[in-house]
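Below: the structure, in structure tokens.
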Amino acid sequence: MTTAPIDLSAAFTEALRRELALAGAPATSASAAGADVQASVDPAAARRALMRAAAQACREPLGLRWAETQAADAARGADAEVRRVHYLSMEFLMGRALGNALAALKLDDTLRVAFDAQGQALPDVLERENDAALGNGGLGRLAACFLDSFAELGLPSFGYGLRYQYGMFAQGIQDGRQVEVPDDWMALGNPWETARPELRYAVGFGGHVEVGADGARRWVPAERLIAQAYDFIVPAHHSQRVSTLRQWHARAEAPIDFAAFCRGDHHGAAAHRVAADAINWVLYPDDSTESGRVLRLKQEAFLVSASLQDLIARHLREGRALADLGRDNAIHLNDTHPALAPAELMRLLLDEHGLGWDAAWAITRQAVSYTNHTLMPEALETWPVRLFEQLLPRHLEVVYEINHRFLEEVKARFPGDDALLRRVSLIDEGGEHGLGERRVRMAALSIVASHRVNGVAALHSELMVQTIFADYARIFPDRFHNVTNGVTPRRWLQQANPGLSSLLDERIGAGWRQDLGELSRLRPLAGDVALGERLRAVKRENKQRLAARIQRDLGLTVNVDSLFDVQIKRIHEYKRQLLNVLHVIARYQAIVANPRADWVPRTVVIAGKAASAYVAAKSVIQLAHDVGCVINSDPRVGDKLKLAFLPNYGVSLAEVIIPAADLSEQISTAGTEASGTGNMKFALNGALTIGTWDGANIEMAQAFGEDNMFSFGLKTDEVEALKRQGYDARAAVAGNARLRAVVEAIARGDFSQGDAGRYRALVDKLLGDDVYLLTADFDDYLRAQERVDALFRDPRAWAERVVLNIAGMGMFSSDRTIAEYVDRVWSAKSLG
Ligand SMILES: *Cc1c(COP(=O)(O)O)cnc(C)c1O
């Protein structure tokens, strides 16, 4: 491929003229418009016009790169080591695209100048783009980082997802409470996507299975929807390659019911369209209702069927043999949400392409691999057999047959172990006495149908085979392994932290952008005082940027020289934001008791969304807000302590917050956080970590030196032991004066704004059944916080740790993660 420089100025000028006209500017040419535009179009509209014009200017070169990438991949040899990867995920938390595209196309400087000429600053223009928040948290953001690395590593690949119109909800805070509102992120269109109306597949639901004269089974669905493709292109930064996120949009197959329409029944004429469209609405339909659960299962089946039909069509179009489908294509399941894939692939191969069971099963097993993302047994996905039968009758038959053959194999290898059969069966028979509903176990289906199953950090992968998947690990000892997560350095360092990026370029060269291992060249510079000072200056600028954001969003003034102590992630009890708030209250009480002491000033920043039905998590949000109200307005405290809860956490907010953090809170109960990737982004941006011995924290500490992390708390085996012996939180609190004072203040209503019972349930739960052992880790956590304060008083020593942290983060690039997936899961040689 050629690397001719691109001249986009003409395309950009054209697009800008059009956009400005749409925004209401007078009909002058954009190049001549200049400052006139400022006078005639409101500034937000002008920035949006610039943003859209820039995006449109990027489309053509990206489209060319897309075509060249596809041609190169199609031409790869039949014996290619690297198979084409199909990464199936219900979530892709992409964030904004323009900044990344401009950097990849090396257009950022050109457009900075062009925007300046229009009187607008580049960051302000970039901010006009809405986040594509088509994900919930780490799992979805991982998928987005992977797309970036797919492009960077030149991996033949497709990401497959759904085109959600509203994605995850937008979070508002009203009187301290989370309110969920639809995130209408495409309201003004999406300049990045390319509709592919020629790529359409029918996806069926319901109906029954017919048996032909030859015994062949054929599914006759009661309902059919059309999946239409939309492509979203993700460019590499160091080559002309791009990767593709193909998102499916559901449409009704039938036109409007004309007879009903003519009768005046407009609603009835189009009711089926609303049902089809519901597939595209939101990421997580509320699954507390039957119709919500049906919708979610339909979404999963829809994603899987459209993607696999697309895969097979492409494979055949490239002139390859069906028998080679598994050799040439990897199908990866990002957790169990796409776990219907093996059942659907079997159905397509058996019923649509006429293969026999053994041939189809060999292909499926070669193609499919699965990543597990959580150890919590309650989070393992299962579906009632009844629902399956109603929506996917043929898939249920296939699942039964897979299960039958699998259990025969287990019976032969472990004769007489009926308990084992019950435990590993793909069907949960509804408990010992069959009283519950029979359910399909999606993780079991994924494991049995995959040639590789992996966890996402070393500890998690170990615990996975010791706990939830112990039986399967005994049956398939070679199937399980670990691939530790990573994050893309392009977005999470280069784009989010330009100040640090240039400083790194200056000190160790720019190679880290492509090979993050280069960061290790910082290690010998840890004691370099001048470097420490430069780092501090960069951090201070980033803190100013965040302080301005806090001022704008919350009207709260914070001291940029205070220690920025940050916890941003989904709000969940296991992540223990409440432990953080308990520390804040303890610190508040200590400051009030002794205001003259020499406190290290702190600004605590918390952000995150709680699932809409998760009452306990929402109560923690409200408490954080209420505690903030009390502390932030207490004149005895001043800037010694501030607590800011920033609403509507997402990728773009993370890009502002993370570079400004001094301290990263990674405080999950040991054994509960599978990996974490937020922890990696913070360390990469020069925050020190206060963390438990959990997930990827452990590997991070090992990489940059255990002394360079503030670790605290019970380890996994101690958590286990404490639970076995029976932990009494009430007694622990009673015996700990500092903790008791904190809990009593909450219970008494000190933070309840006059609504005395507001936190009764929260306190009762903490004292009654402290599942995540906050009260057990409290003291050690506060001791670790004291070590943080002590080090922060010594800016040189702090900076030295920061350098050592960054220097050790080389292995946490998603490029390394993807290279390992290729090596162990996706390459032809990994098939053995
Ligand atoms: C990185 C990231 C996450 C994952 O954070 P954890 O701290 O690992 O849970 C979630 N949401 C967004 C927007 C992210 O960027």
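Every read-out reported here was derived from the displayed coordinates using simple, explicitly stated rules and does not represent laboratory data. For clarity, every value in this text was computed on a predicted model and none was experimentally measured. Neighbour counts run over all protein chains shown; Cβ positions are idealised from the backbone, glycine included.
Here is the size of segment 269-397 from its Cα atoms: Rg then Dmax, 16.1, 47 Å.
Kirkwood hydrodynamic radius for segment 156-263: how many Å is it when counted over pairs of different Cα atoms?
Details: mean 1/r = 0.0553 Å⁻¹.
Roughly 18.1 Å, rounded to one decimal.
Only helices enter this figure: runs of n ≥ 4 DSSP H residues, each worth -39500 (n - 2.57), summed and divided by the residues of the chain, yield -14500 deg cm²/dmol at 222 nm to the nearest 500.
Once the piece of chain linking E429 and A819 is laid out straight, how much longer is it, given 0.36 nm per residue of separation minus the C-alpha distance between them?
Values: separation 390, 0.36 × 390 = 140.40 nm, distance 4.01 nm.
Full extension of this stretch gives 136.4 nm more.
Gyration tensor analysis over the Cα atoms of segment 725-780 returns equivalent ellipsoid semi-axes of 21, 12, 8 Å (largest first, whole Å).
Rounding to the nearest 20 debye, state how big the charge dipole of the chain is about its Cα centre with +1 on each Lys and Arg Cβ and -1 on each Asp and Glu Cβ.
Value, rounded to 20: 740 debye.
Amide hydrogen proximity for V487: with H placed 1.01 Å from N in the peptide plane, the residues at 5 or more positions away or on another chain lying under 5 Å are S813, S814. Computed packing ranks the peptides 352-361, 421-430 as 421-430, 352-361, most packed first, by mean other Cβ atoms within 10 Å.
Which net charge results for the neighbourhood of L688, defined as the other residues with beta-carbon distances under 15 angstrom from its beta-carbon, given Lys and Arg at +1 and Asp and Glu at -1? Every neighbour counted, the sum reads 0.
Per residue and in cubic angstrom, what volume does the convex hull of the Cα atoms of the chain have?
Working: hull volume 161.0 nm³, N = 832.
Output value, Cα hull per residue: 193 Å³.
Basic side chains Lys and Arg get +1 at the Cβ, acidic Asp and Glu get -1 at the Cβ, and with that the dipole of segment 35-185 about its Cα centre reaches some 260 debye. Karplus-derived 3J(HN,Hα) values for segment 701-707, using 6.51 cos²θ - 1.76 cosθ + 1.60 with θ = phi - 60°, are 4, 5, 6, 10, x, 4, 6 Hz; glycine and proline are entered as x. In this structure the amide hydrogen of W693, modeled in the peptide plane, comes within under 5 Å of the amide hydrogens of F712, none closer than 5 places in sequence on its chain.
Inter-part distance, segment 445-475 to segment 788-832, computed on C-alpha centroids, equals 24 Å. Backbone geometry of segment 801-810 corresponds, through the Karplus equation with coefficients 6.51, -1.76 and 1.60 at θ = phi - 60°, to 3J(HN,Hα) couplings of 5, 4, 4, 5, 4, 4, 4, x, 8, x Hz, x marking Gly and Pro. The distance linking segment 108-139 with segment 677-696 is 27 Å (Cα centroid to Cα centroid, whole angstrom). Over the Cα atoms of segment 50-201, the radius of gyration divided by the Kirkwood radius equals 1.01; this is the Rg/Rh ratio.
Share of Cα-Cα pairs in segment 518-587 beyond 21 Å, in percent? Display every interim value, and only then the final one.
On the way: 1241 of 2415 pairs.
Roughly 51 percent, rounded to a whole number.
Residues T488, T467, T69 in ascending order of nearby Cβ atoms (within 10 Å, fewest first): T467, T69, T488.
Checking every one of the trypsin sites (Lys or Arg not before Pro) in segment 625-671 against DSSP loop status and a limit of 16 other Cβ atoms within 10 Å picks out R636.
Indicate the gyration tensor shape class of segment 769-832 (rounded, prolate or oblate), computed on the Cα atoms with a ≥ b ≥ c the square roots of the eigenvalues: a/c under 1.5 is rounded; otherwise a/b larger than b/c is prolate and the rest oblate. Before the final figure, lay out the partial values.
Working: a/c = 6.91, a/b = 1.64, b/c = 4.23.
Since a/c reaches 1.5 but b/c is at least a/b, the shape of segment 769-832 is classed as oblate.
Which of rounded, prolate, oblate describes segment 606-656, given a ≥ b ≥ c as roots of the alpha-carbon gyration tensor eigenvalues and a/c under 1.5 marking rounded, otherwise prolate only if a/b is larger than b/c?
On the way: a/c = 4.42, a/b = 1.47, b/c = 3.02.
Here segment 606-656 falls in the oblate category.
Considering every Cα-Cα pair within segment 632-789, what fraction, in whole percent, is farther apart than 18 Å? Everything past 18 Å amounts to 68 percent. Computed from phi, the 3J(HN,Hα) profile of segment 219-235 under the Karplus parametrisation 6.51, -1.76, 1.60 (θ = phi - 60°) reads 8, 10, x, 7, 9, 10, 10, 9, 9, 10, 8, 10, 9, 10, 9, 10, x Hz, with x in place of Gly and Pro.
Each Lys or Arg adds one and each Asp or Glu subtracts one; over the other residues with Cβ under 11 Å from the Cβ of A729, this totals -2. Calculated FRET efficiency, A734 to Y574, Cβ-Cβ distance, R0 = 25 Å: about 0.50 to the nearest 0.05. Compute the signed sum of charges (Lys and Arg +1, Asp and Glu -1) over the other residues within less than 15 Å, Cβ to Cβ, of A276. So the surrounding residues net to +2. Here segment 703-804 was treated as a single set of alpha-carbon atoms; its pair distances binned every 10 Å from 0 give 13, 33, 28, 21, 5 percent. Modelled spin-label separation between V181 and D755, with each label point placed 7 Å from Cα along the Cα-to-Cβ direction: 1.9 nm. For segment 591-724, the direction-averaged projected area of the alpha-carbon convex hull comes to 10.4 nm². Amide H contacts of A170: V181, D183, each under 5 Å away and 5 or more positions distant or on a separate chain (H built 1.01 Å from N in the peptide plane; Pro and chain starts excluded).
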